[in-house]
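Reading through the structure tokens given below for one structure.
The values are calculated or read from the model by the stated rules, or taken from the named source; none is laboratory data. Just so we're clear, the structure is a prediction, and the values are computed from it rather than from any experiment. So basically every Cβ, Gly included, is an ideal-geometry build from the backbone, and we count neighbours across all protein chains shown.
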There are 2 protein chains.
Amino acid sequence: MSNTLVTVLAGGVGAARMLSGIIQVVEPAGVTALVNVGDDLELHGLSISPDLDTITYTLAGEINPETGWGLNGESWQAMDTVKRYGGISWFGLGDRDLGTHLYRTQRYREGANLATITAEITAGWGLALKLIPVTNDRLRTMVTLDGDGPDDGLEVSFQEYFVQRRHGVPVKALRFDGASLTSPAPGVLDALAAAHRVVIAPSNPVVSIDPVLAVPGVRDALIARRADTVAVSPIVAGAALKGPADRLLKELGHEATVVGIARWYAPLAATLVIDEADAGLAGAVAAEGIRPVVAPTVMRTPELAAALARTVLDA
Amino acid sequence: MSNTLVTVLAGGVGAARMLSGIIQVVEPAGVTALVNVGDDLELHGLSISPDLDTITYTLAGEINPETGWGLNGESWQAMDTVKRYGGISWFGLGDRDLGTHLYRTQRYREGANLATITAEITAGWGLALKLIPVTNDRLRTMVTLDGDGPDDGLEVSFQEYFVQRRHGVPVKALRFDGASLTSPAPGVLDALAAAHRVVIAPSNPVVSIDPVLAVPGVRDALIARRADTVAVSPIVAGAALKGPADRLLKELGHEATVVGIARWYAPLAATLVIDEADAGLAGAVAAEGIRPVVAPTVMRTPELAAALARTVLDA
């Protein structure tokens, strides 16, 4: 395997699959993921970092393949007890998974920062790549709801939108609470500067990648690497593979096609990988000022993930 | 069943069995337990109240009969994950049990106090008696270790002594941290004043009952009811049935016999129930100024617990 240094801007599920492909084709020790923390939450007194955990569990080969989040072989005894008391149960925490949040919370109380804790957790699963939360500081994606109902104008946390409301309600605005007060975690800017290849994973651009870029210094560091940056479109044939990216893009005034993605990423990346299903839009992508590369992008198997990784690294 | 009002000063296991007997012979709605909180702890960011939970789980018929603490049908998936990271694992938290601590911690964060949370938890298990933490404020039993080793003079929390060191180290002093700043929880003093019978459960007098009495106002309220107060000796034939009460009493300069218990409780209770094994010491008990009642006190079965409850109520 090559010793190429690869740095990946990452959300959850899509980024986890992209990373699983990349570590098949380059030395994992040279791979760094800069991970969104805007979805993090505190619940039951525990500090929960869903994107970091989804990547960790996926690369450990322990992700629940049915849900795409949480661990294989889960049990739900703790949640059953919480439900007995009428407690908060809309955010499902399996018993195995809970151990991660217990550990993270205890280490926070001991004064450790999220980057240190994340390194300990990934070591616990034997991962060789580097997972860095984009910041150790508090940054929270807040969602302003839209529509005719009583929730019109209500601002909720990302997980209250995404999980509690199953992203089934219209959105009128996003805000990255606290972002201006954050700094990049140690190693984030270096990883962007040193990489042979920077990758924007096929994560949700508005709620997974944008909060990463909202940390002061990260967007500029990425723009400085534009020539070596490849984005992978999370939109295939006008739809998100998973989650509400397509609807969110439209609701926020963008085009939910690879052309809309091209427009969004053109200032940041020289190249955009689009799916074969969108080959007919390659010209329109190029017209946005970003070079299109057409390839299969749906990572249904490890082999497809590895093939996409090769495309991204060779682009 | 009689509508006798019974108020019980309670620690964990011994008190739980005593209460299980009492609610067999009087209307449970008239029974109030004033429960020790000195053993409470924060771990993994969770608020844990071992004595409250032991009583709750016992009266719900869900206690793990092998350990005397924790829940039946437990699994340990969360702790297995914590161990994967090298986290704190000396305080065993089963998956079912964890749900109670998640709920309690979430409710604390929402501003509820421990008495309110406890009422919600006992309602969740369908308990009809009233469980009241003796105080809603922070009170922590601190243990100063003794001996020749490097820990001589070290002050640790109760659970660091009791669980982490398996109460296998000598003790030179106890301190109830924060006690002077606490107030009795609502209902505590009323329950003492209104009871037809006050019971001091066969809990550890130095680390379970004494912290209850350390809450300003409680000791005086108990002394005012001395004539109607019955204590049950936790020492039988010179030994504690469970835990380190016998050793602790000796290490702190007391006599680990029913006579030592008599001396300890004489200012607080008119009557002391001692086991048949200690019948020969009845005279020495009486000489301490407390009336001895001899009865079987080892609550091996629900029937024996009910019989002891009858003895205590009729004494």
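Things worth noting here:
Here is a yes/no grid of residues against (1) within 15 Å of the chain's Cα centre (by Cα); (2) of a type in the set (Asp, Glu); (3) part of a strand (DSSP E or B); (4) surrounded by 15 or more Cβ atoms within 10 Å (Cβ to Cβ):
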{"residue": "B:Phe162", "(1), (2), (3), (4)": "yes, no, no, yes"}
{"residue": "B:Arg166", "(1), (2), (3), (4)": "no, no, no, no"}
{"residue": "B:Leu192", "(1), (2), (3), (4)": "no, no, no, yes"}
{"residue": "B:Pro202", "(1), (2), (3), (4)": "yes, no, no, yes"}
{"residue": "B:Val206", "(1), (2), (3), (4)": "yes, no, no, yes"}
{"residue": "B:Arg219", "(1), (2), (3), (4)": "no, no, no, yes"}
{"residue": "B:Leu222", "(1), (2), (3), (4)": "no, no, no, yes"}
{"residue": "B:Ala227", "(1), (2), (3), (4)": "no, no, no, no"}
{"residue": "B:Gly243", "(1), (2), (3), (4)": "yes, no, no, yes"}
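Residue by residue, here is whether (1) among the aromatic types (Phe, Trp, Tyr); (2) more than 29 Å from B:Val156 (Cα to Cα); (3) surrounded by fewer than 24 Cβ atoms within 10 Å (Cβ to Cβ) holds:
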{"residue": "B:Thr4", "(1), (2), (3)": "no, yes, yes"}
{"residue": "B:Leu9", "(1), (2), (3)": "no, no, no"}
{"residue": "B:Pro28", "(1), (2), (3)": "no, yes, yes"}
{"residue": "B:Leu34", "(1), (2), (3)": "no, no, no"}
{"residue": "B:Val37", "(1), (2), (3)": "no, no, no"}
{"residue": "B:Leu43", "(1), (2), (3)": "no, no, yes"}
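- Among the residues making up the range B:28-48, those that are assigned to a strand (DSSP E or B) and either away from chain A (no Cβ under 14 Å) or of a type outside the set (Ser, Thr, Tyr) (or both) are B:Val31, B:Thr32, B:Ala33, B:Leu34, B:Val35, B:Leu41, B:Glu42, B:Leu43, B:Leu46, B:Ile48.
- In the range B:98-151, of all residues being among the acidic types (Asp, Glu) and within 14 Å of chain A (Cβ to nearest Cβ), the one that is surrounded by the fewest Cβ atoms within 10 Å (Cβ to Cβ) corresponds to B:Glu110.
- Residues within the range A:168-190 that are touching a residue at least 12 places away in the same chain (Cβ under 8 Å) and not in a helix (DSSP H, G or I), tallied: 16
- Looking across the range B:65-82 at every residue that is touching a Lys or Arg at 6+ places or on another chain (Cβ under 9 Å), within 7 Å of chain A (Cβ to nearest Cβ) and not acidic (Asp, Glu), the one that is farthest from B:Gly11 (Cα to Cα) is identified as B:Thr81.
- Lone qualifier among A:Asp246, A:Asp228 - being closer than 27 Å to A:Pro133 by Cα and either modelled with pLDDT under 95 or in contact with a helix residue (DSSP H, G or I) (Cβ under 7 Å, 6 or more places away or on another chain) (or both): A:Asp246
- Residue check for A:Glu62: at pLDDT below 95 and among the charged types (D, E, K, R): no
- Unique match (being in a helix (DSSP H, G or I) and surrounded by fewer than 18 Cβ atoms within 10 Å (Cβ to Cβ)) among A:Arg263, A:Arg247, A:Arg300: A:Arg247
- Residue in the range B:83-97 that is facing chain A (nearest Cβ under 7 Å), in a helix (DSSP H, G or I) and within 16 Å of B:Leu52 (Cα to Cα) present: yes
- Of everything in the range A:49-64 that is away from every other protein chain (no Cβ under 13 Å) and touching a Gly at 6+ places or on another chain (Cβ under 8 Å), the residue that is surrounded by the most Cβ atoms within 10 Å (Cβ to Cβ) is A:Ile55.
- Residue within the range B:12-22 that is assigned to a loop (DSSP other than H, G, I, E, B), surrounded by fewer than 22 Cβ atoms within 10 Å (Cβ to Cβ) and more than 13 Å from chain A (Cβ to nearest Cβ) present: no
- Boolean, B:Pro186 is more than 30 Å from B:Val293 (Cα to Cα) and assigned by TED's automatic domain parsing to the domain that holds B:Tyr265: yes
- Test: residue in the range A:96-105 that is in contact (Cβ under 8 Å) with a residue 60 or more places away in the chain and either within 19 Å of the chain's Cα centre (by Cα) or farther than 17 Å from A:Ala10 by Cα (or both): yes
Per-residue answers, yes or no, for (1) farther than 24 Å from B:Asp220 by Cα; (2) in contact with a Ser or Thr (Cβ under 8 Å, 6 or more places away or on another chain); (3) of a type in the set (Val, Ile, Thr):
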| position | (1), (2), (3) |
| --- | --- |
| B:Gly243 | yes, no, no |
| B:Arg247 | yes, no, no |
| B:Glu251 | yes, no, no |
| B:Glu255 | yes, no, no |
| B:Val258 | no, yes, yes |
| B:Trp264 | no, no, no |
| B:Pro267 | no, no, no |
| B:Leu272 | no, yes, no |
| B:Gly283 | yes, no, no |
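- Conditions (1) closer than 15 Å to B:Leu43 by Cβ; (2) part of a strand (DSSP E or B); number of the one not met by B:Thr144: (1)
- Every test in (1) part of a loop (DSSP other than H, G, I, E, B); (2) under 19 Å from A:Val212 (Cα atoms) is passed by A:Thr116 save one, and that test is (1).
- For the range A:112-122, the criterion of being of a type in the set (Val, Ile, Thr), over 30 Å from A:Asn3 (Cα atoms) and touching a Ser or Thr at 6+ places or on another chain (Cβ under 7 Å) is met by no residue.
- A:Ser183 satisfies every condition listed in (1) crowded, with 21+ Cβ neighbours inside 10 Å; (2) at pLDDT 95 or above except (1).
- Inspection of the range B:5-25 identifies no residue that is free of Cβ contacts under 8 Å to residues at least 12 places away in the same chain and either farther than 20 Å from A:Ala78 by Cβ or within 20 Å of the chain's Cα centre (by Cα) (or both).
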